[in-house]
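The values are calculated or read from the model by the stated rules, or taken from the named source; none is laboratory data. Predicted model only: the values in this text are computed from it and were never measured. Cβ: placed from backbone, ideal geometry, glycine included. Neighbour counts: every protein chain shown.
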Amino acid sequence: MKIVVIQGPNLNMLGIREQNIYGPMKLEDIHAQMKAFAEQNNHEIEFFQSNLEGEIVDRIQECLGDADGIIINPAAYTHTSIAIRDAIAAVKIPTLEVHLSNIYQREEFRHKSLTAPVCAGQITGMGPYGYHLAMVGMNQMLTEIKM
Ligand code: DQA
């Protein structure tokens, strides 16, 4: 099965940006851990990061007929992007939303996720480990679909 991991704006700055909130781990290190888990479970995995809303919409659309699952951290677009929400809804591919920080503990403008209602689930506040939890959850969902 193929999993596509989509990372939104400023997540390329992990390890540099607001370490008190997002921690010291770099995006490439998070991806290395996800890749190892994917390989152990015989999944193909691809990673994509963009700071541009339209590129994220394009990448979600490209998943149609290609990917079996999507793991996405839409970052700031979580709270603003109807376009990303609509793209997730359009492709109808099981999608899990991840946030490093607990968005419900932070500023009020982060409490609302426009994308979560069209995702199968959301993991928030578990730091980089949240991506591993998403991999475990996705593996479970994909295995269930196969059965
Ligand atoms: C984030 C939370 C968002 O509110 C923020 O804009 C981000 C990262 C997270 O992973 O905690 O860029 O998605």
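Only residues in segment 1-16 that are charged (D, E, K, R) count as the first member; pair them with residues that are assigned to a loop (DSSP other than H, G, I, E, B) and away from the ligand (no atom under 13 Å from the Cβ), Cβ under 8 angstrom, at least 6 apart or cross-chain, and list the lot.
Close Cβ pairs satisfying both conditions: Lys2/His43; Lys2/Asp66; Lys2/Ala67; Lys2/Asp68.
Go through segment 37-147 and tell me which helices (runs of 4 or more DSSP H), entirely inside it, have 1 or more residues that are in contact (Cβ under 8 Å) with a residue 40 or more places away in the chain and more than 30 Å from Asn20 (Cβ to Cβ). I'd like the intermediate steps shown before the answer.
Numbers: elements: 53-62, 82-91, 129-146.
So the answer is 53-62, 129-146.
So that you can scan it fast, the table gives a plain yes or no per residue for (1) more than 15 Å from the ligand (Cβ to nearest atom); (2) in contact with a Cys (Cβ under 8 Å, 6 or more places away or on another chain); (3) closer than 12 Å to Gly8 by Cβ; (4) of a type in the set (Asp, Glu):
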residue: Glu39; (1), (2), (3), (4): yes, no, no, yes
residue: Leu52; (1), (2), (3), (4): no, no, yes, no
residue: Glu55; (1), (2), (3), (4): yes, no, yes, yes
residue: Gly69; (1), (2), (3), (4): yes, no, no, no
residue: Ala87; (1), (2), (3), (4): yes, no, no, no
residue: Glu108; (1), (2), (3), (4): no, no, no, yes
residue: Val118; (1), (2), (3), (4): yes, no, no, no
residue: Tyr129; (1), (2), (3), (4): no, no, no, no
residue: Glu144; (1), (2), (3), (4): yes, no, no, yes
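Restricting to segment 15-31, name every residue that is of a type in the set (Lys, Arg) and either part of a helix (DSSP H, G or I) or within 11 Å of the ligand (Cβ to nearest atom) (or both).
Scanning segment 15-31 gives a single hit, Arg17.
Picking from Ile45, Ile93, which residue would you name as being touching a Cys at 6+ places or on another chain (Cβ under 7 Å) and either modelled with pLDDT of 95 or more or among the basic types (Lys, Arg) (or both)? Can you show your working first?
Working: Ile45 fails: touching a Cys at 6+ places or on another chain (Cβ under 7 Å).
Ile93 is the lone residue from the list that is touching a Cys at 6+ places or on another chain (Cβ under 7 Å) and either modelled with pLDDT of 95 or more or among the basic types (Lys, Arg) (or both).
Can you pull out the residues in segment 96-113 that are buried (at least 18 other Cβ atoms within 10 Å of the Cβ) and not polar (S, T, N, Q)?
Scanning segment 96-113 gives Leu96, Glu97, Val98, His99, Leu100, Ile103.
Which of the residues that make up segment 4-14 are within 17 Å of Tyr129 (Cβ to Cβ) and either assigned to a strand (DSSP E or B) or at pLDDT below 95 (or both)?
Passing the criteria: Val5, Gln7.
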